[in-house]
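Asks: Structure incoming, see below.
The values are calculated or read from the model by the stated rules, or taken from the named source; none is laboratory data. All values reported here derive from a predicted model rather than from experimental measurement. Heads up, the Cβs are rebuilt from the backbone with ideal geometry, glycines too, and the neighbour counts pull from every protein chain shown.
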Amino acid sequence: MAYKTILNFYTGELQLVNGGSSGVVGVPPTDINAIARWADTTGTTIKNSPGTDVQDGGAIQASGFIGNRSITTVVHIPSGYYMEAAELEIDPLTGTIEIEPDGELIIL
C-alpha cells in the first residue's frame, strides 16, 4: 500500500496518509489558478470556481464580493494589512477586531 506525506496547515504537522484511493479528488474540468471549492459534504471532492482566480502575486480576481457584516468571533488584521467592510455589527459577547500597528480597518 502506497503512503504519502502531507503538511496539515491547521496544525503545522506532517502527516502520513494512505496514498491509494483515499484523499481529495477533483471534478474536471478545471481552470488553471481557479479557487477550489468543496463539491459535496464528504470532504473528499473539490470542484472548479470559474472566474475566480488566485494570481501568482497573491491577488484574488473575482466578479464580485459578498461580505458578512456581523463579526461574531475574533478578526485579526496583521500589521501592513487592511480589512474593508461596507458596515459592521460586532457581537458584544463574542465579536472582536484586533488591529496591529500599521493595520487598517476601512468602513465604507
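Asks: Would a scan of region 59-73 turn up a residue that is without any contact (Cβ under 8 Å) to a residue 60 or more places away in the chain, part of a strand (DSSP E or B) and more than 16 Å from the chain's Cα centre (by Cα)?
Replies: yes
Asks: In addition: Go through (1) at pLDDT below 85; (2) part of a loop (DSSP other than H, G, I, E, B); (3) surrounded by 10 or more Cβ atoms within 10 Å (Cβ to Cβ) for residue 6 and report which single condition fails.
Replies: Answer for residue 6: the failing condition is (2).
Asks: Same structure, new question: Would you point out which residue out of 41, 11 is modelled with pLDDT of 80 or more and either assigned to a loop (DSSP other than H, G, I, E, B) or closer than 30 Å to residue 81 by Cα (or both)?
Replies: Result: 41 is the single residue among 41, 11 that is modelled with pLDDT of 80 or more and either assigned to a loop (DSSP other than H, G, I, E, B) or closer than 30 Å to residue 81 by Cα (or both).
Asks: I'm trying to understand the selection: among the residues of region 21-53, which are in contact with a strand residue (DSSP E or B) (Cβ under 7 Å, 6 or more places away or on another chain), hydrophobic (A, V, I, L, M, F, W, C) and more than 29 Å from residue 89 (Cβ to Cβ)?
Replies: Those that are in contact with a strand residue (DSSP E or B) (Cβ under 7 Å, 6 or more places away or on another chain), hydrophobic (A, V, I, L, M, F, W, C) and more than 29 Å from residue 89 (Cβ to Cβ): 24, 25, 27, 34, 36, 39, 46.
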